[in-house]
Amino acid sequence: MKIDVSMWARHAFPIDLKNDHVTNNIAESFNAWIGEFRGKPIMTLLEGVRTKVMSMVHKRHEKGLKWTKEIMPNILKKANEQMEWSRHCNLHVASQTEFEVLDKNVSYRVNLHRMSCDCRIWDLSGIPCRHACLAISHQRDNIEVYTDRSFSKEKYMMAYTHVIHPIPDVKFWKNLDDVQPSTILPPPLRRLPGRPRKSRRKEQASNLMSEQAWQ
């Protein structure tokens, strides 16, 4: 089965996605996150997920309130690491926004106005690459200004500003006497032969994408 390269290779991703990582193990991560609720009846599973998400949203909102920078700390850390690596490059200035950076005998064009570099790391991730960092440092600009706004504190707080409200226990629910029938029975179920399956069924292309992602 042939899968389009834009679905699994970072270099072919649309630049508006601003993503510096690609993975196919999200199902494994989710299974580890839900922990003890995995394999439980559907209502128990959903209630467990709801309470975990409710707590997660609150914790992340509180964490964001403590930030003093305009960019998320983990993203700012990555940008500062690139700034350190930029010391190993050489800079040639063409204008206030255009530069040529020599890195290990390879020349890269940097355009601060377009927030773009020939290495495409900045274009794809939204985080300034080492070549861009050298140009930013030369201009004595703030690296936060050249980091994509998707990673700003403002956008983060927008994602976690909502509240997942608690749900009362069933004994506090209103009695709906006008609902007929008053007792709703579950649909009849037929037990399938064999032992119930608990492990996740992997897609046929899962291993293929994993092997090809970094080729």
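Any read-out appearing in this document is the output of simple, stated calculations on the displayed coordinates, not a laboratory observation. Source: prediction; values computed, not measured. Positions of Cβ are backbone-derived with ideal geometry, glycine not excepted, and every protein chain shown enters the neighbour counts.
Structure values in brief
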item: For segment 73-151, convex hull volume per residue from C-alpha positions, Å³; result: 78
item: Theoretical FRET efficiency, 1/(1+(r/R0)^6), r = Cβ-Cβ of E28 and K77, R0 35 Å, to 0.05; result: 0.85
item: Unit charges on C-beta of K, R, D, E only; dipole of the chain, Debye; result: 1040
item: Packing-based order for 130-137, 54-61, using average beta carbon neighbours within 10 Å, highest first; result: 130-137, 54-61
item: Selected from C89, P168, N111, residue furthest toward positive end of dipole (the chain; charges at beta carbon); result: P168
item: Listed peptides 84-94, 118-128 by packing density, highest first (mean Cβ within 10 Å); result: 118-128, 84-94
item: Approximate shape of segment 1-154 as ellipsoid semi-axes (Cα gyration tensor, √5λ), whole Å, largest first; result: 38, 21, 12
item: Placed amide H near I71: partners under 5 Å, 5+ positions off or other chain; result: K153
item: Segment 6-20 - phi-based ³J(HN,Hα) in whole Hz, Karplus 6.51/-1.76/1.60, Gly and Pro as x; result: 5, 8, 9, 10, 4, 5, 9, 5, x, 6, 7, 6, 6, 10, 9
item: Packing rank of 183-194, 18-29, where each peptide gets the mean count of other beta carbons within 10 Å, highest leading; result: 18-29, 183-194
item: Computed lengthening from E70 to V57, 0.36 nm per intervening residue step minus Cα-Cα distance; result: 2.7 nm
item: Given charges at Cβ of Lys, Arg, Asp, Glu: the chain dipole, positive-most of M54, N31, I127; result: N31
item: Top of L176, L46, L102 by mean-square fluctuation, Gaussian network on the chain, Cα under 10 Å; result: L176
item: Listed residue pairs exceeding 19 Å between alpha carbons, taken from K52/K78; K66/K155; K63/K155; K18/K155; result: K52/K78
item: Backbone HN-Hα couplings from phi across segment 24-32 [Karplus 6.51/-1.76/1.60, Hz, Gly and Pro as x]; result: 10, 10, 4, 5, 5, 5, 5, 4, 5
item: Using alpha-carbon coordinates, inclination of helix 42-65 to the longest axis of the chain, degrees; result: 30
